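Quick one: the structure is below, questions incoming.
The values are calculated or read from the model by the stated rules, or taken from the named source; none is laboratory data. Just so you know, these numbers come straight off a predicted model, no measurement behind them. No Cβ is skipped: glycine too gets one built from the backbone with ideal geometry, and neighbour counts run over all protein chains shown. Just the protein is used for accessible areas: all its heavy atoms, side chains included, with ligands, DNA and RNA removed. Shrake-Rupley method; radii C 1.70, N 1.55, O 1.52, S 1.80 Å.
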Amino acid sequence: MQNAHYDTFISYLEKEDKNQAVQYALSLLEHKSLTIEALYEDILAPSLLFFACKLEDQAICIWKEHTRTSIIRTILEATYPYIIERTSAVKKRNRKVVVVCPQEEYHEIGAIMATHYFILAGFDAQYIGANTPKEEIISAARVLKPDYLALSVTNYYNLFTTKKVIEEVKRDYPHVTIIIGGQAFSQKGATEQIPFDIHLEHMKDIFSLESEVAQ
Ligand code: B12
């Protein structure tokens, strides 16, 4: 994963230079030096996943992590025009996907990335948000009538809430296929109590899902 683009990008993040970080990341797409997928997986995701404070920065670590997340979030949203550009060449699947993080789940970078991947794979994908109460998720299932509901969960402690949401969606909307993804499900035994249909461990798995439902 380590490469010159990553090193340059990290050097801007370490200085918390938002302007340069945003401009650099977007220039990689603009000049076609990287695909959207490579930007997300080889640059943006690792810049957060491997974030570590220097020993002398421990006392200011939290707001530094928040600043970095905010920069990544800006870049992620700013890549959307490139997603739109790519979709013109993507075969539509006529499948609706709602992506959401359940109540108390504030980690949403993975969920936003997953939404963009679904769009690139030809799905009609809609991201609802982080920290979404169960009632709102049920309401979205009722109104949007998705084929898939994708739940992104990072924090292990949110698995109980996730289970409750899935049980209710399955009871009221049994035709909705439940996809789960995110770090919480990588923990040993995490998926055992969850009545999911499909567990996607990696973003690229979304493209395989596409072939399963390709018409
Ligand atoms: C940024 C961050 C935050 C931000 C999130 C802001 C935001 N807008 O998203 C904020 C500041 C809110 C935050 C808060 C907290 N955080 Co935090 N956070 C992180 C950090 C640094 C990066 C997370 C991230 O965005 N990674 C990048 C994305 C791309 O990775 P990802 O989410 O894992 O997604 C990938 C896969 O999981 C997968 N994926 C994810 N979702 C989906 C969905 C589908 C459908 C698919 C196919 C794939 C998929 O694809 C992605 C790409 O590979 C991690 C560190 C780490 N090592 O992960 C800690 C981390 C996740 N946080 C942690 C903790 C403990 C907390 C807090 C409890 C801290 C506190 N004491 O308050 C709170 C909890 C908040 C809450 N209730 O949700 C722990 C979690 C430990 C655990 N096992 O539960 C971590 C691991 C840090 C650590 N090492 O301890 N955090």
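Taking the condition charged (D, E, K, R) and either under 25 Å from Leu209 (Cα atoms) or under 14 Å from the mean Cα position of the chain (by Cα) (or both), does Arg68 pass? Even if it seems obvious, please write down each step before you answer.
Working: charged (D, E, K, R): yes; either under 25 Å from Leu209 (Cα atoms) or under 14 Å from the mean Cα position of the chain (by Cα) (or both): no.
No; evaluated as a whole, the condition is false for this residue.
Hey, does the stretch 174-195 have a residue that's farther than 24 Å from Ala38 by Cβ, open to solvent by less than 20 Å² (accessible area, probe 1.4 Å) and of a type in the set (S, T, N, Q)? Steps first, please.
If we filter the stretch 174-195 for residues that are farther than 24 Å from Ala38 by Cβ, which is where we start, we get 174-178, 180, 184-185, 187-195.
The next check asks that each one be open to solvent by less than 20 Å² (accessible area, probe 1.4 Å); those that pass are 176, 178, 180, 184-185, 190, 194.
Next cut, of a type in the set (S, T, N, Q) only: none.
Scanning the stretch 174-195, I find no residue that is farther than 24 Å from Ala38 by Cβ, open to solvent by less than 20 Å² (accessible area, probe 1.4 Å) and of a type in the set (S, T, N, Q), so the answer is no.
Are there any pairs with C-beta distances below 8 angstrom linking a residue in the stretch 81-93 that is at pLDDT 90 or above and of a type outside the set (Val, Ile, Thr) to a residue that is loosely packed, with under 14 Cβ neighbours inside 10 Å and not in a helix (DSSP H, G or I), with the two at least 6 apart or on different chains, and if so which?
Here the result reads Lys91/Ala214; Arg93/Ala214; Arg93/Gln215, each pair linking the stretch 81-93 to a residue that is loosely packed, with under 14 Cβ neighbours inside 10 Å and not in a helix (DSSP H, G or I).
Report every pair of residues separated by at least 6 positions or lying on different chains whose Cβ atoms are under 7 Å apart, first residue within the stretch 140-156 and under 13 Å from Ile179 (Cβ atoms), second open to solvent by 20 Å² or more (accessible area, probe 1.4 Å) and within 9 Å of the ligand (Cβ to nearest atom).
Ser152/Gly110; Ser152/Gly182; Val153/Gly182
A follow-up question, please. Could you list, in sequence order, the residues of the stretch 178-204 that are under 14 Å from Gly110 (Cβ atoms), in contact (Cβ under 8 Å) with a residue 24 or more places away in the chain and among the small types (Gly, Ala, Ser)?
Of everything in the stretch 178-204, those that are under 14 Å from Gly110 (Cβ atoms), in contact (Cβ under 8 Å) with a residue 24 or more places away in the chain and among the small types (Gly, Ala, Ser) turn out to be Gly181, Gly182, Ala184.
Step by step: first the residues of the stretch 10-56, then only those that are of a type in the set (Asp, Glu) and within 14 Å of the ligand (Cβ to nearest atom), then the one that is nearest to Glu108 (Cα to Cα). Which residue is that?
Glu41
Quick check, is Ile72 in a helix (DSSP H, G or I), near the ligand (Cβ under 10 Å from one of its atoms) and open to solvent by 40 Å² or more (accessible area, probe 1.4 Å)? Full working, then the answer.
Values: in a helix (DSSP H, G or I): yes; near the ligand (Cβ under 10 Å from one of its atoms): yes; open to solvent by 40 Å² or more (accessible area, probe 1.4 Å): no.
For Ile72, the condition - in a helix (DSSP H, G or I), near the ligand (Cβ under 10 Å from one of its atoms) and open to solvent by 40 Å² or more (accessible area, probe 1.4 Å) - is not met.
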